[in-house]
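To keep things clear, I will list the structure first and then write my remarks on it.
The values are calculated or read from the model by the stated rules, or taken from the named source; none is laboratory data. These numbers were taken from a predicted model, which means no experiment stands behind them. Here the Cβ positions follow ideal geometry from the backbone for every residue, glycine too, while neighbour counts run over all protein chains shown.
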Ligand SMILES: *Cc1c(COP(=O)(O)O)cnc(C)c1O
C-alpha cells in the first residue's frame, strides 16, 4: 500500500533540502504532482495532504480528471505533447502548458485564449530539445528562441519559462549537464534581451532526478512515481 500523503510529505522535505543545499528558498520551487494514469481519488488524497499543483500529460485524460475534481482548488499543468487540434481544449482547461514547441502551436493557443477570454491568462513554457532527439517532442534551440520572441507578443498567453525532458538516464549525475544547459540557454536569452520575468521558470526534474534539477536552478519539478507509486503500463 502506498501512502500518498506520506509520499507528498517526503518529496516536499527532499525539495526543501535540495533548495537549501543550493542556497535557495524552498518556496522558489513548485512541486507538480504528476497524476497521469492515476484516478481522481489519488488526486484527492494528495490534495488533502496539501498538494495544489497537478500535472497530466494527455489532454483527454486531464480534462476528465479536471472535471471530476472540480470541487478542489487545483492548478492543472499540461506537461505532455499537445497536438494543435487540441489547443483550444487545452487553453480552456489548464493553468500552465509546459509543452509549447512550435510557432504554429503557440499561435493556435493564443488565438484560442483570445477567444476564450479567461479571467487568468494561461501560462506557457517553451519545451526545448537540447539533445537533438528528433524522435522526441520539444523545439530545437533555434525554434525555441523564435517561440520565445513570438510569445512575448502574444495577446492572451503569458510566457513564464522553459521546460526540459532530457535524454533518459537513471543516473541523475548524467542528466545534470542537461539541466545546466537549459539554465545557460535561459541566461543567453535574457542576455539577448528577453525580460527575465518571462523566463523565470525552469521546469525540469522528475522522480529520480529532481534534487539535482533543483541544485541546477529548477523552479518547477514534475514528480509522479515518487508521490503516487509505480504506474501500470498503459493498455
Ligand atoms: C510522467 C512525466 C513526469 C513524471 O515522471 P516520474 O518519473 O513518474 O516522476 C514528468 N514529466 C513528464 C513530461 C512526464 O510525462
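Please return the ranges of helices (runs of 4 or more DSSP H) entirely within region 1-102 where 1 or more residues are farther than 25 Å from residue 162 by Cβ, away from the ligand (no atom under 16 Å from the Cβ) and in contact (Cβ under 8 Å) with a residue 40 or more places away in the chain.
Correct list: 4-21, 40-48.
Select from region 211-222 the residues that are surrounded by 24 or more Cβ atoms within 10 Å (Cβ to Cβ) and either without any contact (Cβ under 8 Å) to a residue 60 or more places away in the chain or over 10 Å from the mean Cα position of the chain (by Cα) (or both) and list them in ascending order.
Those that are surrounded by 24 or more Cβ atoms within 10 Å (Cβ to Cβ) and either without any contact (Cβ under 8 Å) to a residue 60 or more places away in the chain or over 10 Å from the mean Cα position of the chain (by Cα) (or both): 213, 214, 218.
Would you mind stating whether residue 111 is assigned to a helix (DSSP H, G or I) and touching a strand residue (DSSP E or B) at 6+ places or on another chain (Cβ under 9 Å)?
no
May I ask you to list the residues in region 32-52 that are farther than 18 Å from residue 64 by Cβ and buried (at least 19 other Cβ atoms within 10 Å of the Cβ)?
32, 51
How do the strands (runs of 3 or more DSSP E) wholly within region 148-235 filter down when requiring 1 or more residues that are more than 13 Å from the ligand (Cβ to nearest atom): which remain?
Where strands (runs of 3 or more DSSP E) fall fully within region 148-235 and carry at least 1 residues being more than 13 Å from the ligand (Cβ to nearest atom), they are 158-164, 201-203.
Within region 60-70, does at least one residue satisfy the condition of being modelled with pLDDT of 95 or more and more than 24 Å from residue 112 (Cβ to Cβ)?
Checked against the condition, which is being modelled with pLDDT of 95 or more and more than 24 Å from residue 112 (Cβ to Cβ), region 60-70 yields no hits at all.
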